[in-house]
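Each reported figure results from applying straightforward, stated rules to the coordinates on display, with no laboratory input. Not measured: the values here are computed from a predicted model. Every residue, glycine among them, receives a Cβ derived from its backbone with ideal geometry; neighbour counts consider all protein chains shown.
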Amino acid sequence: MIVCRTKAEMRATVCDWRADRATVGLVPTMGYLHEGHLGLVRMARETADRTVASIFVNPTQFGVNEDLDTYPRDEARDLALLEQKGVDSVFLPGVEEMYRPGEPAYVDVPELSGILQGALRPCHFRGVSTVVTKLFNIVTPDLAIFGEKDYQQLTLIRQMVRDLDMPLEIRGHPTVREPDGLAMSSRNVRLRPDHRQEAVALNEALDRAVVVAKTGPSIADLETAVRSRLEGSPSATIESIDIRDADTLEEVSGTLDRRVVILLAVRYDTVLLIDQRVVAPPN
């Protein structure tokens, strides 16, 4: 496995692969890997000739008083896991390698970056779209894999790629869950033991919505079902429950008559958890 810490090293590695007509799959991560990330790696390896995983905790997507400094990191463990899973190269740059001092340019998708989680975390998605564009320009992959758990991020990146005519395919990987249903996340390790037990409420609330959807409910009925379960978790602070069109993230109302995505953001003390589920109307 080739570890590249500079853009020049990463580009040279991909150039060698291109000489052999190899296709390249990219799995962008912020490290502290878990089985969810490794599922993305497996999908990339099944689809492309060569797989690159990037590890970069991107400072531009963290706001004031967010958890940049406490975000979990374990480089040696991450590299061992990626090598074990057959990754061909890891792009592991420092902040100074990715962002020159005073670098003013950024990429934004305004229709999607200022709604939902973007409204709660101003500039977050601008930071995501900028760093992902930089990764695409450095690695030049044929395809990139992102988890469906970060549904707004996946939708935004797909639109960015379409709008800017980027020559690659974006694939989503289904959310990978713990045995009790909690969506895997690097932030889960920061949950207190009692909060970790309560956090299954997110998945259970979404399961409840799937059952309710089979009855031909209204959008309001879906939200009520989800909220009632989350409010049964005494330590949970509900940041947002949003139900949107599954393809465009446009607001929906009235009767459930199309595929929608239910997006949750729930805080346990200082740890913000997100989860999602796409549900469809009966038949």
Open item on the list: With θ taken as phi - 60° and the coefficients 6.51, -1.76 and 1.60, list the Karplus ³J(HN,Hα) couplings across region 215-227 in order, rounded to whole Hz; mark glycine and proline as x.
Closed with: 8, x, x, 8, 4, 5, 5, 4, 5, 4, 5, 5, 4
TODO: Under a cut-off of 21 Å between alpha-carbon atoms, report the lysines in cross-link reach of K214, not counting same-chain residues fewer than 8 places apart.
DONE: none
Open item on the list: Can you give me the long-range amide H partners of R5? Hydrogens built in the peptide plane at 1.01 Å from N, cutoff under 5 Å, separation of 5 or more residues or another chain.
Closed with: L92
Task: Placed amide H near S218: partners under 5 Å, 5+ positions off or other chain - done: L256
TODO: Calculate one ³J(HN,Hα) per residue across region 111-124 by plugging θ = phi - 60° into the Karplus curve 6.51 cos²θ - 1.76 cosθ + 1.60, and present them in order as whole Hz with x for glycine and proline.
DONE: 4, 10, 7, x, 10, 6, 4, x, 6, 7, 10, x, 6, 4
TODO: Rounded to the nearest Å, what's the spacing between the alpha carbon centres of region 25-57 and region 165-231? Just the number, please.
DONE: 22
Task: 14 Å Cα-Cα reach of K7 towards aspartates and glutamates, excluding residues that sit fewer than 8 places from it in its own chain - done: E96, E97
Open item on the list: Taking a cut-off of 31 Å, what percent of all Cα-Cα pairs in the chain are separated by more than that?
Closed with: 29
Task: Hz values of 3J(HN,Hα) by residue in region 184-199 - Karplus curve (6.51, -1.76, 1.60), Gly and Pro given as x - done: 5, 7, 4, 6, 4, 5, 8, 6, 4, x, 5, 5, 4, 5, 5, 5
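How high is the FRET efficiency from T237 to R100, r the C-beta distance, R0 51 Å, rounded to 0.05? Kindly include the intermediate steps, with their values, before the conclusion.
Numbers: r = 38 Å, r/R0 = 0.75.
Plugging the Cβ-Cβ distance into 1/(1 + (r/R0)^6) gives 0.85.
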Open item on the list: List the residues, sorted by chain then number, that are 5 or more residues from K149 or on another chain and whose placed amide H is less than 5 Å from its amide H.
Closed with: T175
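What full-extension length gain, to one decimal in nm, is calculated for V200 and A220 as 0.36 nm per residue of separation minus the Cα-Cα distance? Don't skip to the answer; put the middle values down first.
Details: separation 20, 0.36 × 20 = 7.20 nm, distance 2.26 nm.
Contour length minus Cα-Cα distance gives 4.9 nm.
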